[in-house]
Amino acid sequence: MTAVATKKRMLEGIRVLDLTNVLSGPFASLHLALLGAEVIKIENPKDGDLARKLGIVPEYNKKLLGTSFLAQNANKKSVTLNMKAPEGKELFKKLVAEADVLVENFRPDVMKRLGLGYDALKVLNPKLIYCAISGFGQTGPDALKPAYDQIIQGLSGEMAVNGDERLNPLRTGFPVCDTVGGMNAAFAMMTALFHRERTGEGQFIDIALLDSIMPLMGWVAANLLIGHEQPVVMGNDNFTAAPSGTFKTQDGYINIAANKQEQWEAVCDVLAVPELKADARFQERDTRKKNRKLLSPLLEAKLMQKTTDHWVAVLNAHDVPSGAILGLEAALRQPQVQHRNVLQKVVMPGIGELEVFGLTALFEKGMGDVTSPPPTLGQHNAEILGRLGLKEADLAGLKAKGVI
């Protein structure tokens, strides 16, 4: 019999120092932690990552375990260090000497002012990969400006293309710029690790949230940059085709994406309106798009005669992509999401069982499971600082001084 190979966590042996707060940085390092890297959160001794106080459950916020923190920090370890104290700086430098990756999301001048910028740290560890995440990047006229997700949503043009004529500008309902900035940083750090594997070289990575969000609007931007057409806010309609968008049914709404001609014709057949296929206003793709406000009521008159579930089943059976519009809880509990193990369970001492997101890339020869809960503040001081030779008495002395 052939032995079945045991799946490994593919970044085992990689050590990451995570100085980040709130969302963009923690989301980036979460991906490395899920893949098996040892991610050590370096937090201020007073209250740590700001996300520890952010969440909808006040009781958890008081414990410095806010829901926002719990969502992004599984599989990580926490060490507290006062980076302004001389002893804290020295301990940090020792950790850097043994690290593979450092990620931070301070303003561009913060680490330099502490004497801990990349130029100083690469002397200690030439193979270090240093990833800096900020709102606007390390250079440029806006580099030193403060930035939160909503500020970047506005400056990127993302809010301007959302909504419709009644509600615009409109922010996305979750921190999309922070999130995609973190994803961009995770991709960049993995690429730098691959480059180092081939060359032995460390390097500096400059990630800007503003840069990160813009390529996501590639199709919309291409219409402007190449087609010279300003974006038109269309609400739930898809500008690339018609009928493609959200429509009323007997008991709610349905998304239909008839992007191909044969899909449009199938919609007409399923809804028993074959005459629309020959209607000059709707016969060709581009004319349908121009006349979508005439077309949608004709389709909705039929769709409103039966339920969303009925139409989803019938349309999908005719190869017309369609789906219900689910609330968040129903979305998280749908069978497909459960089958893919998108949510994973872990026990958090003092709180109980948590459901958090695992890695959503499924590897044939590796895994990215949630193996440990988010850390309490300073939970791993003894473990991590003990590697540097510090004893229990040393730690007690540093704690008394406010260094850890």
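The values are calculated or read from the model by the stated rules, or taken from the named source; none is laboratory data. Quantities reported herein were computed from a predicted structural model and do not represent experimental measurements. We place every Cβ from the backbone using ideal geometry, glycine too, and count neighbours over all the protein chains shown.
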Members of the stretch 281-290 found to be surrounded by fewer than 18 Cβ atoms within 10 Å (Cβ to Cβ) and either at pLDDT 95 or above or assigned to a helix (DSSP H, G or I) (or both), listed by number: Arg281, Arg285, Asp286, Thr287, Lys290
Selection within the stretch 120-155 - of a type in the set (S, T, N, Q), under 25 Å from the mean Cα position of the chain (by Cα) and over 23 Å from Leu170 (Cβ atoms): Ser134, Gln138, Thr139
Within the stretch 49-63, tally of residues that are surrounded by fewer than 22 Cβ atoms within 10 Å (Cβ to Cβ) and within 15 Å of His380 (Cβ to Cβ): 0
The stretch 83-97: number of residues that are closer than 15 Å to Arg113 by Cβ and either within 30 Å of the chain's Cα centre (by Cα) or buried (at least 16 other Cβ atoms within 10 Å of the Cβ) (or both): 5
Neighbours by Cβ (under 6 Å, 6+ apart or cross-chain): first from the stretch 240-265, crowded, with 17+ Cβ neighbours inside 10 Å; second acidic (Asp, Glu): Gly245/Asp237; Phe247/Glu300
Number of positions in the stretch 326-373 that are surrounded by 10 or more Cβ atoms within 10 Å (Cβ to Cβ), outside any loop (DSSP other than H, G, I, E, B), free of Cβ contacts under 8 Å to residues at least 24 places away in the same chain and among the polar types (S, T, N, Q): 1
Scope the stretch 105-117; condition closer than 28 Å to Lys401 by Cα and surrounded by fewer than 22 Cβ atoms within 10 Å (Cβ to Cβ); matching residues: Phe106, Arg107, Asp109, Val110, Met111, Lys112, Arg113, Leu114, Gly115, Leu116, Gly117
Residue match in the stretch 307-320 (condition: among the polar types (S, T, N, Q), outside any helix (DSSP H, G or I) and either in contact (Cβ under 8 Å) with a residue 60 or more places away in the chain or surrounded by fewer than 14 Cβ atoms within 10 Å (Cβ to Cβ) (or both)): no
For Asp164: the one exception among (1) touching a residue at least 40 places away in the same chain (Cβ under 8 Å); (2) closer than 27 Å to Asp47 by Cα: (2)
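Any idea which of Leu224, Leu276 is farther than 18 Å from Thr308 by Cα, of a type in the set (A, V, I, L, M, F, W, C) and modelled with pLDDT of 95 or more?
The conditions single out Leu276.
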Filter pass, Ile213 being out of contact with any strand residue (DSSP E or B) (no Cβ under 6 Å at 6 or more places or on another chain), surrounded by fewer than 17 Cβ atoms within 10 Å (Cβ to Cβ) and farther than 30 Å from His310 by Cβ: no
Residue in the stretch 382-399 that is surrounded by 15 or more Cβ atoms within 10 Å (Cβ to Cβ) and out of contact with any helix residue (DSSP H, G or I) (no Cβ under 9 Å at 6 or more places or on another chain) present: no
Test for Gly323: is it touching a strand residue (DSSP E or B) at 6+ places or on another chain (Cβ under 9 Å), touching a residue at least 60 places away in the same chain (Cβ under 8 Å) and not in a loop (DSSP other than H, G, I, E, B): yes
